[in-house]
Amino acid sequence: MEQPAKNDRENKITSAKHPDQTPEAPLVAILLCTYNGEQFLKEQLDSIESQKHKNIAIWASDDGSSDGTLSILAEYSKRWGPDRFSICAGPKKGFAANFLSLVCNPEINADYFAFADQDDIWQTDKLSRAIEHLDKLPQEEPAIYSGRTILIDEQGNRIGYSPLFKKKPSFNNALVQSIAAGNTIVMNKAARDLTCKVGEAPIVSHDWWVYMLITGAGGTFIYDAHPSVLYRQHNDNVIGGVITFSARLQRLFTSQFKEWNTINASALKQALPHLSDENQQLFTHYNLSRTKKMTQRLIGISRSGVYRQTLIGNLGLVAATMVNKI
């Protein structure tokens, strides 16, 4: 008589199996979003193909490319096979909506879900390192892995590192700062399912959104100081790139930071039933404080316990609060 499955992984689709993987290896869905990315896309796809962890399936969502991106995707899909490389049309509402459309695509079934940009290069241990961290946690609890990156120029030369964050990741931090690099993120199925329950809310960025949502719900956010992604810097970066310390500080005093907070607050209101009781109160208190007079804003923000990762960043947050830019 057939034995019952030991866990959910053995019930997953098997069409995406790679000849080199073992039956126990978790399936990772690579959520790749593209838009006019022909210049660097092949390097990224080759680096994904070279991963030590072989049980992967790529889901590419193209947001209306007019260059050779779709031809490249079709070439790799033919090489990998349609069961391991699927191509779909994006919603054409920007990169964040495109990534969320993949996260919430009911056809995608896997143990882990990894965001992938079109122009980076993954080191061979990128996925295996993330899975090693996530496998230590209860699979029923939402968890996300993210890490530092190595910065490269258009030619692939190394030019530095992304900031090294030292303070503990938390919902208090996520409300006013994103430390989640989207091109490094891998989430477990529980985190993916939670994101889908909230739905495709209007957001600033997919990485900041899942950082807020998962920590707000009491889930785990793993920040790895060891970089395993080569993050390409070029003029067409939609967001991110090399941002100087002074530029990061100045951003706190622009209308953009306040607009971002307002967008995030609207999305979090939609997610409120999924947040822990403590974080529901924290968010409500923080959000109400944003609308008060200066003295009340300062008291409210202080009591909420929100923080950024550096002393200067926190001083900048206080100053932005004073001039009503939060």
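The values are calculated or read from the model by the stated rules, or taken from the named source; none is laboratory data. None of these values were measured; they are calculated from a predicted model. Quick reminder, even Gly has a Cβ in these numbers, built from the backbone with ideal geometry, and neighbours come from all protein chains shown. Heads up: the accessible areas ignore ligands, DNA and RNA and are worked out on the full protein's heavy atoms, side chains in. Shrake-Rupley method; radii C 1.70, N 1.55, O 1.52, S 1.80 Å.
Given charges of +1 on the Cβ of Lys and Arg and -1 on the Cβ of Asp and Glu, with all other atoms neutral, how large is the dipole of the range 31-119 about its Cα centre, in debye to the nearest 20?
200 debye
Measuring from label point to label point, each 7 Å out along Cα→Cβ, what is the S128 to D83 span in nm?
2.4 nm
Is the range 34-117 rounded, prolate or oblate when judged by the Cα gyration tensor, a ≥ b ≥ c being the square roots of its eigenvalues, rounded requiring a/c under 1.5 and prolate requiring a/b larger than b/c? Walk me through the intermediate numbers first.
Working: a/c = 1.61, a/b = 1.08, b/c = 1.49.
Verdict is oblate for the range 34-117.
Could you tell me which of rounded, prolate or oblate describes the range 105-185, using a ≥ b ≥ c as the square roots of the eigenvalues of the alpha-carbon gyration tensor, with rounded for a/c under 1.5 and, failing that, prolate when a/b is larger than b/c and oblate otherwise?
Verdict is oblate for the range 105-185.
With labels modelled as points extended 7 Å from the Cα through the Cβ direction, what inter-label distance (nm, one decimal) is found for V323 paired with Q155?
The answer from the label model is 3.9 nm.
Taking the alpha-carbon distance from K293 and a cut-off under 19 Å, which aspartates and glutamates remain once sequence neighbours fewer than 8 residues away in the same chain are dropped?
Candidates past the 8-residue exclusion: E259.
Calculate one ³J(HN,Hα) per residue across the range 172-183 by plugging θ = phi - 60° into the Karplus curve 6.51 cos²θ - 1.76 cosθ + 1.60, and present them in order as whole Hz with x for glycine and proline.
4, 6, 4, 4, 10, 6, 9, 10, 8, 7, x, 6
Using a 1.4 Å probe, how large is the accessible area of H274, given in Å² and rounded to the nearest 10?
60 Å²
With everything on Cα atoms, drop me the angle between helix 311-322 and the longest principal axis of the chain, reported from 0 to 90° to the nearest 10.
That works out to roughly 60 degrees.
In terms of modelled amide H atoms, which long-range or inter-chain residues lie less than 5 Å from the amide H of L151?
I159, G160, Y161, S162, Y231
So what's the angle, to the nearest 10 degrees on a 0 to 90 scale, between helix 255-271 and the longest Cα principal axis of the chain?
Value to nearest ten degrees: 70.
With the radius of gyration and the Kirkwood radius both derived from the Cα set of the chain, what is their ratio Rg to Rh?
Details: Rg = 20.0 Å, Rh = 20.5 Å.
That ratio equals 0.97.
For the range 124-138, take each phi angle, set θ = phi - 60°, evaluate the Karplus expression 6.51 cos²θ - 1.76 cosθ + 1.60, and give the result in whole Hz per residue in order, putting x for glycine and proline.
For the range 124-138, the Karplus-derived couplings read 4, 9, 4, 6, 5, 5, 5, 5, 4, 6, 6, 5, 7, 9, x Hz, x marking Gly and Pro.
Report, in deg cm²/dmol and to the nearest 500, the calculated mean residue ellipticity at 222 nm for the chain, where each DSSP H run with n ≥ 4 adds -39500 (n - 2.57) and the sum is divided by the residue count.
Rounded to the nearest 500, the figure is -11500 deg cm²/dmol.
Place +1 on the Cβ of every Lys and Arg and -1 on the Cβ of every Asp and Glu in the chain, take the dipole about the Cα centre, and give the residue among I152, N279, L27 whose Cα lies farthest towards its positive end.
Toward the positive end, the furthest listed residue is N279.
Helix 206-216 sits at what angle to the longest principal axis of the chain, using alpha carbons and giving 0 to 90 degrees rounded to 10?
With both axes taken from Cα atoms, the answer is about 70 degrees.
Which aspartates and glutamates, if any, have their Cα less than 20 Å from the Cα of K92, not counting same-chain residues under 8 positions apart?
Counting by Cα, and skipping residues close in sequence, K92 has these aspartates and glutamates nearby: E38, D62, D63, D67, E107, D117, D119, E200, D207, D236.
Within 10 Å, at most 12 other Cβ atoms, and a DSSP state outside H, G, I, E, B define an exposed site. Report the longest part of the chain free of exposed GluC sites (Glu not before Pro). Walk me through the numbers on the way to the answer.
Working: sites that count: E2, E24, E107, E140.
Formally, the longest exposed-site-free interval is 141-326.
Which of the listed residues, H133, I121, W59, is farthest toward the dipole's positive end in the range 58-149, when Lys, Arg count +1 and Asp, Glu count -1 at the beta-carbon?
Of the listed residues, the answer is I121.
For the chain, what is the accessible area per residue in Å² when the probe is 1.4 Å? Numbers along the way, then the final one.
Values: 15260 Å² over 326 residues.
Accessible area per residue: 47 Å².
Which cross-chain or sequence-distant (5 or more) residues have an amide H under 5 Å from the amide H of T34, H modelled 1.01 Å from N in plane?
S61, D62, D63
Apply the a/c threshold of 1.5 to the C-alpha gyration tensor of the range 91-140 and tell me whether it is rounded, prolate or oblate.
On the way: a/c = 2.93, a/b = 1.36, b/c = 2.15.
Oblate, because a/c is 1.5 or more while a/b does not exceed b/c.
Quick check on the chain: of the DSSP beta bridges with both residues there, what percent are antiparallel, nearest 5%?
30 percent
Could you check how much of the accessible area of the chain is carbon and sulfur, as a whole percent, using a 1.4 Å probe?
Working: 7830 of 15260 Å².
Within the chain, the accessible surface is 51 percent carbon and sulfur.
Excluding residues fewer than 8 places away in the same chain, name every one of the lysines whose C-alpha is closer than 28 Å to that of K54.
K6, K12, K17, K42, K78, K126, K136, K189
Tell me, what HN-Hα J-couplings in whole Hz come from the Karplus equation 6.51 cos²θ - 1.76 cosθ + 1.60 at θ = phi - 60° for each residue of the range 147-163, using x for Gly and Pro?
Taking θ as phi minus 60°, the curve returns x, 6, 10, 9, 8, 10, 8, 4, 8, x, 7, 6, 10, x, 10, 6, x Hz for the range 147-163.
What longest region of the chain stays clear of trypsin sites (Lys or Arg not before Pro) that DSSP places outside H, G, I, E and B and that have at most 15 other Cβ atoms within 10 Å? Write down the numbers at each step before the final one.
Numbers: sites that count: K6, K52, K92, K93, K136, K166, K292, K293.
Excluding the exposed sites themselves, the longest stretch runs over 167-291.
Take every DSSP beta bridge with both residues inside the range 39-186 and express the antiparallel ones as a percent of the total, to the nearest 5. If you can, show how the numbers build up before the last one.
On the way: 5 of 10 bridges.
Counting only bridges with both partners in the range 39-186, antiparallel ones make up about 50 percent.
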